Each structure stands twice: as structure tokens, then as C-alpha cells.
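Q: Dropping the structure in here first, questions after.
Just so you know, all these numbers are worked out from the coordinates, no wet-lab data involved. Here the structure is a predicted model, which is why all the values come from computation and not from measurement. Cβ coordinates were reconstructed from backbone atoms using ideal geometry, including for glycine residues, and neighbour counts include every protein chain displayed.
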Amino acid sequence: MHESFFANALVQELKKSQPQIEFTQHRFNRYFKGFFAHVKLQFLTYQLLNTDIAVLVGRMAWMAILKHLFAKSFRAFVVLHHIDNRIPGSIFLKLYTRSFLYFLNQFNIKRIALVVVSPFWFDEVKKRYPKIVVHYFPNLFDPLMYQAYQSSTKTKSIHLGQWSWKNDSKILELAKQFTELGYACYFSSNQANEQAKFEFYEIIHEPQSAYLKRMAEAQFTLALTVYQEGWNRVAHESILLGTAVIGYPNGGLKNLLEFSGAYVVNSIEEVKQVIKANSEVDLKVNSSFIETFHTNQSVKFLEPIFHFLNQNKA
């Protein structure tokens, strides 16, 4: 969602002065696995870079460097959600990203910039790779899409967040304890094959409207990821719905929690204390946070990006 919205916002602003501009979007299977699958992805990506401006995700980043060697008019934005190397995953992909960042920094390449989703990662990139050009463009949402659900009646339920291996494993014990106290506990999922029902929690996959309604009815949404997050879409959407969020201050999630006035905790024990102390939860809509991250604010965040484009014209 982040890179798509960034690309679309960029194009809409470019069209105001360059109405003839054309925009094409290409997506590949998100589950490229194995070395040869990644090699194929690089080949397919390079074939599609017959353009002046490109927006790429991290696993395609090296192709931007290759392209810039042969096309002086080429400029690229590589969107990185995080660079937490502790997160389990492909060793090849980690080496790919780290070597790209090292090369970009070492050779001070100015026609390729990073785009990050939170101030935390903006600062981290600046600290680790001071020569890399980096821009902050946040997750922006249209609050009108969420207003209809704000009137939902609160139920005694806890949204445990999105089902993920990044979650604190202790969350399952928490679900057990609060189920015994009469709460309905569930994880949301965007994968139909992850649906399941257990004694103390459910994993639920459902259409967008049902997902939002259920989350609006919950008293709390938990954002208990143990790795450094880029941001946290589920927590952000919960705030738009008026559902209280409790989260760990890890990575960009720390920014989201602080900006929105959510509950910041450092352990499962603290989560329990917050829930028990706030069992009667009223609708909480943070107007200032919602306006700051409204889609109509995209122009403000695009200003330095247009400065970058104008500086690096062929």
C-alpha cells in the first residue's frame, strides 16, 4: 500500500505540470523464493525500467543502480519499510539489500533516493548511510473511508493485531487470560489460508468492510511486534476507527504510537495492566493525528522529492 500510494501521489502532482506523463504499474508474485527466482525477478525488473522515473521495492533495488549506469535521464526511488536484519528471512535478500545500501552510500549516487515510511527510519538511514539521499513519505489514509465504522458499538473484544511471526509469542498467553475474563480475542489476516479457530483466539480473514467493522467494535488493538517495524498499518487504521491501540515502541511503530497518543508499553505485563485499567473504553478519535496523516497532506511530503527530481534532471 505504501509504495503504491507514494507512486500515485507522485504521478498526480507531476501531471499538473506535465499532463502528458504516463504511469504504468507492474506487480510480481510476492512469494519469489530461492536464488534463481530472485535472479528472474531482477531480469524482469530491468526489462521494465525503460522509463525516466521509477519507484521500486527493496528486492528490485540493484536494478536501479544498473539502469542509472546506462541512462543519464533515469532517476529512481527505492521504497524501504525497514532495514532490521534480525528479522528472519532469506539470507540472499538481506545481503542484496545491505550490499545495495553500502554501494549507494560508498559511491555517493545522487540519482537514486530511498523513501522510508517513518521518521525513525529516516534518522536510521542518515546515521548508518550518511551519503544516501533519503526522503520521508508516510502512510497516508483517507479518513472518510473509516468514518462510517466509528459509530459501531463496542464489544468486549480485543484485536490481537495482524497474524504474524513478528508478534511477541507471549501474546497467546495473554489471549488465554483475557478469554477467561470474558473477552473475545482474535487476530486479523489478509490470507484466507491462515483462518483458524483455537480455544482462546481466532485468526480471521474477511472482506475489507467486515474487517473494519470488527476492528471498530474492538476495545483494543494490540501492536506487539518484537522487531523494528516500518510503521504499522493495522494500528493506524485502528486509530482512524477510534479503537485504542497498545503497542511496543519498536522502529517506526514508536513514532506512530507517540504521534497518536496511543498506549506505549514494553512488556506483556504492562499490556495486561493497561487493559484492566481501561476496561470501559469510549470512542477515541485523535483528530490531530488523523489530519497530519490525511491523504490531502501528500503535497507537503512531496516537496523535497520534487526538489530532488529538479536537481537531478539530465
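Q: Given charges of +1 on the Cβ of Lys and Arg and -1 on the Cβ of Asp and Glu, with all other atoms neutral, how large is the dipole of the stretch 144-292 about its Cα centre, in debye to the nearest 20?
A: Rounded to the nearest 20 debye, it is 80 debye.
Q: Return the tail of the calculated pair distribution for the chain, meaning the percent of Cα-Cα pairs more than 25 Å apart.
A: Considering the chain, 54 percent of its Cα-Cα pairs are separated by more than 25 Å.
Q: Arrange the peptides 155-163, 137-145, 81-89 so that the one whose residues have, on average, the most other Cβ atoms within 10 Å appears first.
A: 155-163, 137-145, 81-89
Q: For residue 191 and residue 85, compute 0.36 nm times the residue count separating them, minus their Cα-Cα distance, and round to one decimal in nm. Spell out each step's value before the answer.
A: Numbers: separation 106, 0.36 × 106 = 38.16 nm, distance 2.48 nm.
So the extension gain works out to 35.7 nm.
Q: Going by Cα centres, the stretch 130-209 and the stretch 40-115 are how many Å apart?
A: 31
Q: While we're here: How high is the relative contact order of the chain? Use alpha-carbon pairs under 8 Å, at least six apart in sequence, and give a whole percent.
A: Details: 478 pairs, mean separation 47.9, N = 314.
For the chain, the relative contact order is 15 percent.
Q: Can you give the local net charge around residue 105? Use residues other than it whose beta-carbon is closer than 10 angstrom to its beta-carbon, Lys and Arg +1, Asp and Glu -1.
A: Combined, the nearby Lys, Arg, Asp and Glu give +2.
Q: Here is a follow-up. Compute the Rg/Rh shape ratio of the stretch 144-292: radius of gyration over Kirkwood radius, all on alpha-carbon atoms. Intermediate results must be reported in sequence, preceding the final value.
A: Working: Rg = 14.0 Å, Rh = 15.2 Å.
So for the stretch 144-292, dividing Rg by the Kirkwood Rh gives 0.92.
Q: Could you pull out every residue, at least 5 positions away or on a different chain, whose amide H is within less than 5 Å of the one on residue 162? Hs are placed 1.01 Å off N in the peptide plane, and Pro or chain starts have none.
A: HN-HN under 5 Å from residue 162: 188.
Q: Could you derive backbone 3J(HN,Hα) for the stretch 126-136 from the dihedral phi with the Karplus parameters 6.51, -1.76 and 1.60 (θ = phi - 60°), listing whole Hz in sequence and x where the residue is Gly or Pro?
A: Once θ is set to phi - 60°, the couplings for the stretch 126-136 become 4, 6, 7, 9, x, 8, 7, 7, 9, 10, 9 Hz.
Q: Can you give the alpha-carbon Rg of the stretch 1-102 over 2.2 N^0.38 Å, where N counts its residues? Write down the numbers at each step before the final one.
A: Numbers: Rg = 14.5 Å, N = 102, 2.2 N^0.38 = 12.8 Å.
Expressed relative to 2.2 N^0.38 Å, the Cα Rg reads 1.14.
Q: Throw me the Rg/Rh for the stretch 63-173, computed over C-alpha atoms with Kirkwood Rh, two decimals. If you can, show how the numbers build up before the last one.
A: Details: Rg = 19.2 Å, Rh = 17.4 Å.
My calculation puts Rg/Rh at 1.11.
Q: With n ≥ 4 as the cut-off for DSSP H runs, can you work out [θ] at 222 nm for the chain, using -39500 (n - 2.57) per run divided by the number of residues, rounded to the nearest 500?
A: -13000 deg cm²/dmol
Q: Okay, next question. Using alpha-carbon positions, what is the distance between the centroids of the stretch 1-22 and the stretch 222-284, in Å?
A: 32
Q: Still on this structure, please answer the following. Sorted by packing (mean other beta-carbon atoms within 10 Å per residue), highest first, where do 123-130, 216-223 land?
A: 216-223, 123-130
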